[in-house]
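Engineer: Below you'll find the structure I mean.
The values are calculated or read from the model by the stated rules, or taken from the named source; none is laboratory data. Keep in mind the model is a prediction, meaning the values are calculated, not measured. We place every Cβ from the backbone using ideal geometry, glycine too, and count neighbours over all the protein chains shown.
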Amino acid sequence: MVGVTAMNSGWQKNVLRNFEQASKDYNVHAKLQRAVAWRLAKHCSRNHIPLGYWIDLGSGTGLLADALEICTPLQTVLRVDGSRGMLALNRANSQTQQWDLNLGLPACPEPPTLLASSFTLQWLSNPQYRIEEWFKALAPKGWLALALPVDGSFPQWQDASITANVPYTALPLPSKTNLLNGIPKNCIRYQRLHNFTQRTTQLAQILKPIRKAGSQASYKQSLRVGEWRLLNKAWNRSKDNNIELTWRVLFLLLQR
């Protein structure tokens, strides 16, 4: 799952390393990613996307590719990712290719009728450029199906950081508005924001899946133990003592 803006090569290597190390446990902790992948695949199946050359960009362990193939049984999906460990956990006999998407798209034997990607663009350098690049690579009438967290995610974390006066260390996420600047409006077939809220009683439990899924990379230094304690104390709790973390996920279907 390897792609925010102006990442240097050292930071990109850190992102890849995190996912590589998390690969064996990824499917256990990637519950949100699995749910989003299935929702995106079902949106694709409802739009009768032509069979042909389909690619899952930033496929990871194959959650989206699996869902697409189940929803469209006659179609196979090429799984492309920068992590060898993630690709090794794809289903046996699936088609895989190791490739760093920050270098652009891999060579395609024919224009794809579907490029799909879930929870990947936020890790790539210049997500807006990548969307335009992927869109232009489609076959005529081909589809680009995307799901990714965008700005406005994690408001509870941001509020707690302000209250505790500690750095907000989550990854900066792409702007929904900027992402589509280069896409003709008449090519947008579906666009919707969904909020996914996780609840638990312990801060460690709500942030652990992020780290365990390899998604902990940040431009900022990790908080010290004392700062984590201040953050935990400042995090707003419900009447039943739960804390929440909300992801704002954008779903997009574009047709060339």
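Engineer: Inside region 112-138, can you point out the residues that are under 22 Å from THR76 (Cβ atoms) and in contact with a Lys or Arg (Cβ under 6 Å, 6 or more places away or on another chain)? Don't jump to the end; show me each part of the working.
Structural biologist: Residues of region 112-138 that are under 22 Å from THR76 (Cβ atoms), as a first pass: 112-120, 134, 137-138.
The answer is LEU138, and nothing else.
Engineer: Test each condition in (1) touching a strand residue (DSSP E or B) at 6+ places or on another chain (Cβ under 7 Å); (2) within 23 Å of ILE131 (Cβ to Cβ) for SER94 and report the one that comes out false.
Structural biologist: With (1) touching a strand residue (DSSP E or B) at 6+ places or on another chain (Cβ under 7 Å); (2) within 23 Å of ILE131 (Cβ to Cβ) applied to SER94, the lone miss is (2).
Engineer: For TYR26, state whether it is more than 15 Å from ALA145 (Cα to Cα) and among the hydroxyl-bearing types (Ser, Thr, Tyr). Talk me through it step by step, then tell me what you get.
Structural biologist: Numbers: more than 15 Å from ALA145 (Cα to Cα): yes; among the hydroxyl-bearing types (Ser, Thr, Tyr): yes.
So TYR26 fits the description; yes.
Engineer: Filter region 46-87 down to the residues that are under 19 Å from the mean Cα position of the chain (by Cα) and surrounded by fewer than 16 Cβ atoms within 10 Å (Cβ to Cβ) and list them by number.
Structural biologist: The one that is under 19 Å from the mean Cα position of the chain (by Cα) and surrounded by fewer than 16 Cβ atoms within 10 Å (Cβ to Cβ): ARG84.
Engineer: I need the helices (runs of 4 or more DSSP H) fully contained in region 24-80, keeping only those with at least 1 residues that are at pLDDT below 95 and out of contact with any Asp or Glu (no Cβ under 6 Å at 6 or more places or on another chain).
Structural biologist: On the way: elements: 26-29, 31-46, 63-71.
Where helices (runs of 4 or more DSSP H) fall fully within region 24-80 and carry at least 1 residues being at pLDDT below 95 and out of contact with any Asp or Glu (no Cβ under 6 Å at 6 or more places or on another chain), they are 26-29, 31-46.
Engineer: Is it the case that GLN128 is within 20 Å of the chain's Cα centre (by Cα), part of a helix (DSSP H, G or I) and either within 17 Å of LEU16 (Cα to Cα) or at pLDDT below 95 (or both)? First the steps, then the outcome.
Structural biologist: Details: within 20 Å of the chain's Cα centre (by Cα): yes; part of a helix (DSSP H, G or I): yes; either within 17 Å of LEU16 (Cα to Cα) or at pLDDT below 95 (or both): yes.
So GLN128 passes the test.
Engineer: Tell me which of these ASN93 doesn't satisfy, since it passes every other one: (1) in a helix (DSSP H, G or I); (2) farther than 21 Å from LEU40 by Cβ; (3) polar (S, T, N, Q).
Structural biologist: Of everything listed in (1) in a helix (DSSP H, G or I); (2) farther than 21 Å from LEU40 by Cβ; (3) polar (S, T, N, Q), ASN93 misses just condition (1).
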